[in-house]
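Working notes, structure below.
The values are calculated or read from the model by the stated rules, or taken from the named source; none is laboratory data. Because the structure is predicted, anything quoted here is derived from the model rather than measured. Cβ placement follows ideal geometry from the backbone for every residue including glycine, while neighbour counts extend to all protein chains displayed. Surface accessibility is based on the protein's heavy atoms, side chains included, excluding ligands, DNA and RNA. Shrake-Rupley method; radii C 1.70, N 1.55, O 1.52, S 1.80 Å.
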Amino acid sequence: MDFGRLLTAMVTPFDQNNQVDLEKTTELIEYLLRNGTEGLVVAGTTGESPTLSLNEKLTLFEHVIKIVNKRVPIIAGTGSNNTSASIELTKEAEKLGADAVLLVTPYYNKPNQDGLFHHYKAIADETSLPVMLYNIPSRAVVKLNVETVVALSQIENIVSLKDSTGDLDAIASIIDQTDNSFTVYSGDDSMTLPIQSIGGSGVVSVSSHVIGKEMKEMMSLFEEGKVKEAAQLHRQLLPIMRTLFMAPSPSPVKAALKYKHIDTGNVRLPLVPLSPFEEQNLYRVLENFNQD
């Protein structure tokens, strides 16, 4: 399945009482689609999935699927460290009409590679939806090894990987050892171009909330063979990409959206909003970029 190149890991908008705000969600969806997003990841880590209840996730899936109305693929974040719960949520997402699911590596439990393989296989066996693996050892502690990803890619509906390891050698090995139909996406905005240069398919992005058009242009330039121009744009975008992770995500990107007059509310505890100093630093970087 073609998910597109620029997928946005969408924040979850909250109202003044920190409840999911579907009206703001609709506004955010339309803004993202106008600004280059070719696919939406809903209720992922950037969407504050650890603090969303089951009912909130299902409500979000249903609403986003309805509003998007097949304009772009919807990838539902249904992974957790509880295999049976992930299976049930995946089944519900499929019933609601999601196009695919994103499954993060099980955090905290620290399964070995055999456990990781069987976790993903158990979920994939219970759905007909395409599955995107999500490898993010900085948050989950455990890491999918190259051999495990290659083995999982042999399962018919495991079709993609979101990689947040920063390990270009391992990513190159995965691309080399998997079928051409298996896609690899950068899970780190700053690694978008490097991963694209070794055969990656695109990015699951946070920064696309703010610089979606520019990121899409960067990838297009590279595909057109304009490597120097793509590299120059990559360097110009790096300060924003770095600043959007100056504090635990998605606090910075929600502040950046506020700067752009798009209200997505605050974050939920245990996350906290940016400090005044952090906010000033973020706004300064955004202003400098807009002046260039």
Net charge (Lys, Arg +1; Asp, Glu -1) of residues whose beta-carbon lies under 9 Å from that of Leu54, Leu54 excluded, is -2
Excluding the sites themselves, what is the longest stretch of the chain that contains no GluC sites (Glu not before Pro) in a DSSP loop with at most 12 other C-beta atoms within 10 Å?
-> 1-155
Over 17 Å [Cα-Cα, segment 9-95], rounded percent = 43 percent
Helical contribution to [θ] at 222 nm, DSSP H n ≥ 4, -39,500 (n - 2.57), averaged over the chain, rounded to 500 | -14500 deg cm²/dmol
Roll a 1.4 angstrom probe over the protein heavy atoms and tell me the percent of accessible area of segment 6-224 that is carbon or sulfur.
-> 46 percent
Label-to-label distance, nm, for residues given as Arg268 and Glu147 (7 Å Cα→Cβ offset) = 3.9 nm
Over segment 6-224, average the accessible area per residue using a 1.4 Å probe and give it in Å², no decimals.
-> 40 Å²
List the residues of segment 129-145 whose backbone N lies under 18 Å from a point placed 7 Å from the Cα of Asp114 along the Cα-to-Cβ direction.
-> 143-145
Could you calculate the contour length gain from Arg71 to Gln291, that is, 0.36 nm times the residue separation minus the distance between their Cα atoms, to one decimal place in nm?
-> 75.9 nm
Using the 2.2 N^0.38 Å rule of thumb for compact globular proteins, work out how segment 167-209 stacks up: its C-alpha Rg over that value, please.
-> 1.11
How compact and how long is segment 96-189, expressed as Rg and Dmax of its alpha-carbon atoms in Å?
-> 12.3, 38
Report the label-to-label distance for Lys91 and Ser138 in nanometres (one decimal), using points 7 Å from each Cα along the Cα→Cβ vector.
-> 3.6 nm
If you look at just the Cα atoms of the chain, how large are its Rg and its Dmax in Å?
-> 18.0, 51
For the chain, modelled as a Gaussian network with Cα springs under 10 Å, which listed residue fluctuates most, His63, His119, His261?
-> His261
Hypothetical label at Asp2: residues of segment 149-172 whose amide nitrogen lies under 16 Å (7 Å Cα-Cβ projection) | none
Where the centroid of each part is defined by its Cα atoms, how far is segment 236-257 from segment 103-148 in Å?
-> 27 Å
With a point put 7 Å past each Cα toward its Cβ, work out how far Asn82 is from Tyr259 in nm, to one decimal.
-> 3.8 nm
What pairs in Lys213/Lys260; Lys95/Lys216; Lys121/Lys254 have C-alpha atoms more than 24 Å from each other?
-> Lys95/Lys216; Lys121/Lys254
Rg ratio (alpha-carbon, reference 2.2 N^0.38 Å) - segment 136-181 | 1.11
Given a Förster distance of 35 Å, the FRET efficiency implied by the Cβ-Cβ spacing of Asn281 and Arg34, rounded to the nearest 0.05, works out to 0.80
State the dimensionless ratio Rg/Rh of segment 235-292 (Rg: radius of gyration of Cα atoms; Rh: Kirkwood radius).
-> 0.96
